[in-house]
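Notes follow the structure.
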Amino acid sequence: LHEVLGKEGVADPVRLAHAIKALPITVVAARPIDEAISTAGGVRLEALDANGMCAAAPGVFCAGEMLDWDAPTGGYLLTACMASGLQAAQGVARYLKILDEVN
């Protein structure tokens, strides 16, 4: 992008957005499926309540790839990340409302 736009162009959000959208991406080859799998690790589901909040750290919410799960990358992982993010965001909203009512 710096080569195409220069320093001034990169500083201009409109020009930068247009350049990013027009940037060609050439796929040379696909990587082996073994390299495209998310690995286990992260916050265990048992450590969270139904809202995605950590039982051991009230006010801390987890979603997406913060969670301990194995899943193929791509659409399934993205869908699960977005769904758990929505669930956690709704949990945050409920949590903040409860805090507001208490205070």
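So here's what we get for this one:
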read-out	value
Residue count, region 1-13 (criterion: open to solvent by less than 90 Å² (accessible area, probe 1.4 Å) and not charged (D, E, K, R))	6
Complete set of residues in region 43-60 that are part of a loop (DSSP other than H, G, I, E, B), over 18 Å from residue 89 (Cβ atoms) and small (Gly, Ala, Ser)	55, 56
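Yes or no, residue by residue, for (1) within 30 Å of residue 100 (Cβ to Cβ); (2) more than 16 Å from the chain's Cα centre (by Cα); (3) at pLDDT 90 or above:
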residue	(1), (2), (3)
24	no, yes, no
34	no, yes, no
56	yes, yes, yes
71	no, no, no
82	yes, no, yes
89	yes, no, yes
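The values are calculated or read from the model by the stated rules, or taken from the named source; none is laboratory data. Small disclaimer: the values here were computed from a predicted structure and weren't measured. Quick reminder, even Gly has a Cβ in these numbers, built from the backbone with ideal geometry, and neighbours come from all protein chains shown. Accessible surface areas use protein heavy atoms only, side chains included; no ligands, DNA or RNA. Shrake-Rupley method; radii C 1.70, N 1.55, O 1.52, S 1.80 Å.
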